Amino acid sequence: MIAEAGLAALWLAAGLAALQFLFMFVEVRRNAALARPMRSIAVVQGVLTIVAFAMLLIVFARSDMSVKLVFENSSAVKPFVYKVAGAWGNHEGSMLMWVTILSAAGAFVALFSRRTSERTLVAALGAQAALALGFYAFLLIASNPFARLWPAPIDGQGMNPLLQDPGLAFHPPTLYLGYVGLSVAFSLAVGALLTGEVDSRLARAMRPWVLGAWILLTLGITAGSYWAYYELGWGGYWFWDPVENASLMPWLAATALLHSINVLAARGALKAWTMMLAVIAFSMSMVGTFLVRSGILTSVHAFAIDPQRGTFLLALLAIYVGAAFVLFAWRGATLKEGAPFELVSRESGLVVNNLLLTVVLGVVFVGTLYPLFVEAVSGEKLSVGAPYFNAVAGPLALILAALVGIGPLLAWRREGRPVLRQLQVPALVGVVALVITIIIAPTMHILPRLGFTVGIYLLGASILPLVRRNPLRAPLATWGMVLAHFGIAVALLGMAANAAFTSERLAVAQPGEILNVGPWQVQLQDVTPTAGKNWTAVEAELHATRGAGIVTLKPQSRYFTDPPTETSESAIQTFWNGQLYTVIGKPDPSGGWQLRLWWKPFVTLIWAGGALIALGGALAMLGRLWRLRRRREAGAEWRKARYA
Amino acid sequence: MKPKNQRLVLVSAAIVAVLVAVLLAMWGLRNQASYFYTPADIAAGKAHDGEAMRLGGMVERGSIRRAPDGVTIRFTVTDGKAQTPVLFRGIVPDLFREGSGAVAEGRLEHGTFVADTILAKHDERYMPPQLGNLAAEHRAGKTLEK
């Protein structure tokens, strides 16, 4: 009965979404003051999807094998937390989670948004409902998560063991919250384009959503990168895999939007531009969802053989993006450009930021979709990998990072002061770093070398907005910006150090043998069998030392029974100046074992930088909310005083 | 700047940015996109030495040889029509075995494919994307032989 209740809730929610969509037209054409019922409908619709998703969690938690989805993706013997996480570790469940977050976001807007006019709000809720409607149709027609099996099987087919990891269990929800948070920016942009009310009020209503989505995307990408690093056992942190690019593209667009939205909020300028970015940002979320969920990445042929889902998603993508662009072309030209600005100004700096991010987004987009396009058109197979992305996006990212130091120093509207003089010290330190890398590592590649230069310079340049004023009196949002920009420098230095100074050792070791990697001496003690709840493994015991003290590492090679799969569990030891990364391979006929060892100096800075960027976003968010509360309180007191 | 000029400048800047992105991407793709070849393609001389590429096929039975260092292997990839010798240094994926499908990433050096990475099917249900057809053809071939 639980599965049926979930399905019924979904149908009801779909009906309400259709009603909401109709209301939008009535409101926009007639100005019918439908805001009040619209808010209630949006809230009920959000609650219904949450109920449906809760039902799915229950059938997964109970291992109810009569539900087809549970049978295909779960098994009675796996740990409870992965039973629950299994609910979104598959196609149907993750699409249900997607639409749940989408509708819940709509409900949240309906409950709390007071900043836009009621007309724009109704139009935005209508747009949000239109988005939800497409995905309800997709679930109910092409991917019903609640379908039953008869007779009910005794046990399920299990879950991909690579996914049975705490990092990955909570990775998709984080990314989805980020993806779908951008849907609110999209809907608000569509709503404002319909009513013509594109102004700084709209930007202020949109900003917390964009900021929140951006924080979660940053966290999701950082966590995903660390997951790939330790779980795949290849020692890399970013593979330019299409699935990774699917999360990077919305992040790039959201980063651009986050910056242009500040211009709209503070100066009322860049109206059409910001609306365009809001549309692009969510379009990238949908492109990402399409790439991951359509099966097109496995093969264009797989896509062609089972085309229903992929085609459905592609059609949704085309309809929403197409409609938004048509709306933009129709209404965008009527928007009045806001306050003018000079060539050297904060606004111009942010425009340059946006242009560079757009170019990076463009090359990542083309590189990701080109192989699919070529295969679909000519049948020829090719792959675009790290060499392309590093060569094309790497230099652009460095230029962008160099400019990050300048933008925040510029004044709004017109900058007359000699700003570059403030950058003398950081630039000088950067050049010193460059000279040092040339002296100590003459053979280093150009990209890491420039990474060190720009990274060191940006460490100093990013904190300049807090220098020469009392840092304690600077707004929290300024602190957030400084922290995020500082985080970019930190991550850049981590990437450069990893690229330039990693030592690797790959060899067969007999028990008792010592291998050297970087400053470390690693001794293979023993290899023993071990087991967990649903896996068996061989585990090596390694003793590592670099002079004083011994650390023990235990890398495993695990074998899962359902489905039969092997995974390698790397053992990583973190030190203040880097990580020792060890992987056990296959046994050798001589009685030894293959071992792969890395010493990665300062590699942790990559993820520390990512965390700082997200933390900066969180500080900015906190600052904005705090200021809003204070203003509301002040307003309430003012009214009290007036009417008392 | 007048608002009207400002809009003109912004629109042209956006167009230039998109053009730059496309040109950059095209330039990068011309140099860096790696094509997928089968041993038959290589035998026919379609691939050039030093070019980044992927090689796909079945690992020929009885062809895997280990070097004395224990981490370097040589094997032959076949598509039923031709064979290409492959050299790889590293830990092979868990499901890499003789008679099953594999895709190697790397470059040709004097007729030997030097692989940087080997992708094998990483669980029993998974097939390297580019091998989907090949495996189907392979199975079809077997049925015909019977």
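Read-outs: derived from the displayed coordinates by stated rules, not from any lab. Quick caveat: nothing in here was measured; it's all calculated off a predicted structure. Virtual Cβ from ideal backbone geometry, glycine too; neighbours counted across all protein chains shown.
Using the count of nearby Cβ atoms within 10 Å as a rough guide to exposure, how do A:559, A:370, B:37, A:179 rank from fewest to most? Present the calculation step by step, with values, prior to reporting the outcome.
Numbers: A:559 16, A:370 19, B:37 25, A:179 29.
Ordered from fewest to most neighbouring Cβ atoms within 10 Å, A:559, A:370, B:37, A:179 come out as A:559, A:370, B:37, A:179.
Listed highest first by mean packing, meaning other Cβ atoms within 10 Å per residue, what order do A:543-551, A:50-58 come in?
The packing order, highest mean first, is A:50-58, A:543-551.
Divide by every residue of the protein assembly as shown the summed helix terms, -39500 (n - 2.57) for each DSSP H run of at least 4, and state the resulting mean residue ellipticity at 222 nm, rounded to the nearest 500 deg cm²/dmol.
Calculated at 222 nm, the ellipticity per residue is -19500 deg cm²/dmol.
Taking 41 Å as R0, compute the FRET efficiency from the Cβ-Cβ separation of residue A:81 and residue A:414 and round it to 0.05. Could the numbers behind the result be given before it?
Details: r = 56 Å, r/R0 = 1.38.
Working from the Cβ atoms, E equals 0.15.
Assuming R0 = 35 Å, what is the FRET efficiency of residue A:40 and residue A:152, from their Cβ-Cβ distance, to the nearest 0.05?
Taking R0 as 35 Å, the efficiency between residue A:40 and residue A:152 is 0.35.
Inside 10 Å of the C-beta atoms of B:91-97, what's the mean count of C-beta atoms belonging to other chains?
Counting other chains' Cβ atoms within 10 Å and averaging over B:91-97 gives 4.
Mind scanning A:78/A:554; A:83/A:586; A:381/B:81; A:533/A:554; A:381/B:46; A:271/A:640 and naming the pairs with a C-alpha gap bigger than 25 Å?
A:83/A:586; A:271/A:640
Between residue A:643 and residue A:622, what is the label-to-label distance in nm when each label sits 7 Å out along the Cα-to-Cβ direction?
3.4 nm
List, in order, the whole-Hz ³J(HN,Hα) value for each residue of segment B:24-40 obtained from phi through the Karplus relation with A = 6.51, B = -1.76, C = 1.60 and θ = phi - 60°; use x for Gly and Pro.
Per residue, the Karplus-derived 3J(HN,Hα) values read 4, 4, 5, 4, x, 5, 4, 8, 10, 5, 9, 7, 9, 10, 9, x, 5 Hz.
Subtract the Cα-Cα distance of residue A:141 and residue A:472 from 0.36 nm times their separation in residues, and report this length gain in nm to one decimal.
Details: separation 331, 0.36 × 331 = 119.16 nm, distance 5.62 nm.
Length gained, residue A:141 through residue A:472: 113.5 nm.
Note down the relative contact order for segment A:503-601 as a percent, whole number, built from C-alpha pairs under 8 angstrom at least six residues apart.
Averaging sequence separation for qualifying contacts and normalising by length gives 26 percent for segment A:503-601.
Residue B:114 versus residue A:425, label points 7 Å from Cα toward the beta carbon: distance in nm?
Taking the simple label geometry, residue B:114 and residue A:425 are separated by 4.9 nm.
Where the only charges are on Cβ atoms (+1 Lys, Arg; -1 Asp, Glu), what is the dipole of segment A:108-215 about its Cα centre, to the nearest 20 debye?
For this selection, approximately 380 debye.
Hey, with R₀ at 51 Å, roughly what FRET efficiency would residue A:372 and residue A:548 work out to, going by the Cβ-Cβ distance, to 0.05?
For residue A:372 and residue A:548, the calculated efficiency is 0.45.
Hey, got the average number of other protein chain Cβ atoms within 10 angstrom for residues in A:335-341?
Partner-chain Cβ atoms within 10 Å, mean over residues of A:335-341: 3.
Based on the alpha-carbon gyration tensor of chain A and its eigenvalue square roots a ≥ b ≥ c, which shape applies: rounded if a/c is under 1.5, prolate if not and a/b is larger than b/c, or oblate?
In terms of gyration-tensor shape, oblate.
Please name which of A:82, A:498, A:636 has its Cα lying farthest along the dipole of chain A towards the positive end, using unit charges on Cβ (Lys, Arg +1; Asp, Glu -1) and the Cα centre as origin.
The residue sitting farthest along the positive end of the dipole is A:636.
Arrange B:107, A:62, A:469 by Cβ neighbour counts within 10 Å, fewest through most, would you?
The fewest-first ordering by Cβ neighbours comes to A:469, A:62, B:107.
Could you give the DSSP H helices of chain A that reach 27 angstrom or more along their long axis (alpha carbon positions) and whose average Kyte-Doolittle hydropathy is no lower than -0.5?
Helices passing the filter in chain A: A:2-30, A:35-61, A:91-112, A:118-137, A:171-195, A:200-232, A:242-267, A:271-293, A:307-331, A:346-378, A:476-501, A:605-643.
As a footprinting exposure proxy, order A:535, A:88 by other Cβ within 10 Å, with the fewest listed first.
Ascending Cβ contact count within 10 Å gives the list A:535, A:88.
Placing +1 on the Cβ of each Lys and Arg and -1 on the Cβ of each Asp and Glu in the protein assembly as shown, which of A:534, A:551, A:154 has its Cα farthest towards the positive end of the resulting dipole?
With unit charges placed on the Cβ atoms, the residue in question is A:551.
Which cross-chain or sequence-distant (5 or more) residues have an amide H under 5 Å from the amide H of residue A:586, H modelled 1.01 Å from N in plane?
Under 5 Å from the amide H of residue A:586 lie the amide H atoms of A:594, each far enough along the sequence or on another chain.
Could you check the simple spin-label distance between residue A:631 and residue B:26, using points 7 Å along Cα→Cβ, in nm with one decimal?
4.7 nm
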